[in-house]
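Colleague: Below are the structure tokens for one structure; questions will follow.
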Amino acid sequence: MILPSDPLAQQLIGKPKGEAFTVTQSYGVTEFITITEIIGIYTHAVHETMALFKNRFAGEQGIGVFEFNSNDPLGSFEPILRSQTRNQNDYERQLYEQYNLRRVTLGVLAGLLQ
């Protein structure tokens, strides 16, 4: 990642992906550079966080990371969505059963279903 104030960033402004150019460093070394990707700072932050998530939060429960096939995103998401929907339906069914058995009040039920 290059900060906007960096001299190299200033040279990159307006250049499209795929453009190649040379940069001479302050110590006299010339480098040949090709722009391979342009992403926003927030996109970069999300990518970096997700790449390092498993190491940073090893063994933690409640937060998950999944990878999907960008060529078939719906095929990758479908099992996850089905599982979450099934879990939510089971949760709601159990709450209604507790309400029908008069173990929780309508107010408690409403609060838990928000």
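The values are calculated or read from the model by the stated rules, or taken from the named source; none is laboratory data. All values derive from a computational prediction rather than experimental measurement. For neighbour counting, all protein chains shown are included, and Cβ atoms are generated from backbone atoms with ideal geometry for every residue, glycine included.
Quick grid of which residues meet (1) modelled with pLDDT under 70; (2) touching an Asp or Glu at 6+ places or on another chain (Cβ under 9 Å); (3) closer than 19 Å to Q10 by Cβ:
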| residue | (1), (2), (3) |
| --- | --- |
| F32 | no, no, yes |
| T43 | no, no, no |
| A58 | no, no, no |
| V65 | yes, no, no |
| N71 | no, no, no |
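Colleague: Related question: Residues in segment 21-36: is at least one more than 28 Å from the chain's Cα centre (by Cα), among the polar types (S, T, N, Q) and assigned to a helix (DSSP H, G or I)?
Modeller: If we filter segment 21-36 for residues that are more than 28 Å from the chain's Cα centre (by Cα), which is where we start, we get 21-33.
Those left that are additionally among the polar types (S, T, N, Q): 22, 24-26, 30.
Restricting the remaining residues to those that are assigned to a helix (DSSP H, G or I) gives none.
No, because not a single residue in segment 21-36 is more than 28 Å from the chain's Cα centre (by Cα), among the polar types (S, T, N, Q) and assigned to a helix (DSSP H, G or I).
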